[in-house]
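FYI, it's all coordinate maths here, none of it is from the lab. Note that the coordinates shown come from a computational prediction; the quantities given were computed from them, not determined experimentally. Note: ideal-geometry Cβ built from the backbone for every residue, glycine included; neighbour counts use all protein chains shown.
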Amino acid sequence: MHTPKNVDRYSFDEKKKIYFAFKRLFDLLFSIFGLIITMPVILVFGLFIKLETPGPVFFIQERVGQNGRNFNVLKLRSMGVDAEKNGAQWAEKNDPRVTKIGAFIRKTRIDEIPQFINVIKGDMSLVGPRPERPLFTEQFNKEIPGFIDRLAVKPGITGWAQVNGGYDISPQEKLIHDRYYINNLNFVLDINIIIKTIKVCFTGSGAR
């Protein structure tokens, strides 16, 4: 996917640039620490995934990042290896392609833990719009003008859209929430989202 031109209309001032610098430092420290303490969880559920279905433990998929730059997102595999044998599909609620272990790790967001590596690499942030696949990004932008406004900042493991509607909201609703986040960037909002995300992990709300 080529870098979208109209993303440039978001011009951040010096105050926001300082915010982004401190946010990057926070992302690094939190992700390194988070990866260390959750490593046993990754190992245990990696074993469960391997025992339930054949195939790799991790799922790697191309997503669209900040300013239209593509990267490979890393997750624990929650579907069978032939989940997209008929082509790319939008995940649905109670998706039949999801395995038994997959349903649990999606509900608790455990499948997202390996994305700490994406944050450390600089592809993602802890908080930001969820990254979409190139195919869906282009499709949604044709159907919803301005959808690529979401690419003005780094995508996140969690975001304002996820804590206010989960993963089952429509692309239109997602854009509304993500625009709100981009227009109101600050540390208080980020911390609020992280706290809400922890609550979501225990309730399992918004899972697909």
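Put simply, the amide H of residue 156, placed in the peptide plane, has neighbours under 5 Å in 125, 128, 130, leaving out anything fewer than 5 places away on its chain. In region 96-112, whose amide N lies under 14 Å from the spot 7 Å out along Cα-to-Cβ of residue 41? List them in ranges. Only 104-112 pass the distance filter. Take each peptide in 176-189, 96-109, count the other Cβ atoms within 10 Å of every residue, and average; sorted highest first, the result is 96-109, 176-189.
With angles folded into 0 to 90 degrees, how steeply does helix 187-203 sit against the dominant principal axis of the chain? Use alpha carbons for both and round to 10. On a 0 to 90 degree scale, this one is about 20. Between the beta carbons of residue 173 and residue 69, assuming R0 = 25 Å, the FRET efficiency works out to 0.50 to the nearest 0.05. The relative contact order of the chain, computed from alpha carbon pairs under 8 Å that lie at least 6 residues apart in sequence, is 24 percent. In square nanometres, what is one fourth of the surface area of the convex hull spanned by the alpha carbons of the chain? Average of the hull's projected areas for the chain equals 11.1 nm². Calculate for the chain the 222 nm mean residue ellipticity that helices alone would give, adding -39,500 (n - 2.57) per DSSP H run of length 4 or more and normalising by residue count, nearest 500 deg cm²/dmol. Mean residue ellipticity at 222 nm (helix-derived): -15500 deg cm²/dmol. With the highest mean first, a sort of the peptides 115-126, 146-157, 69-80 on other beta-carbon atoms found within 10 angstrom per residue produces 146-157, 115-126, 69-80.
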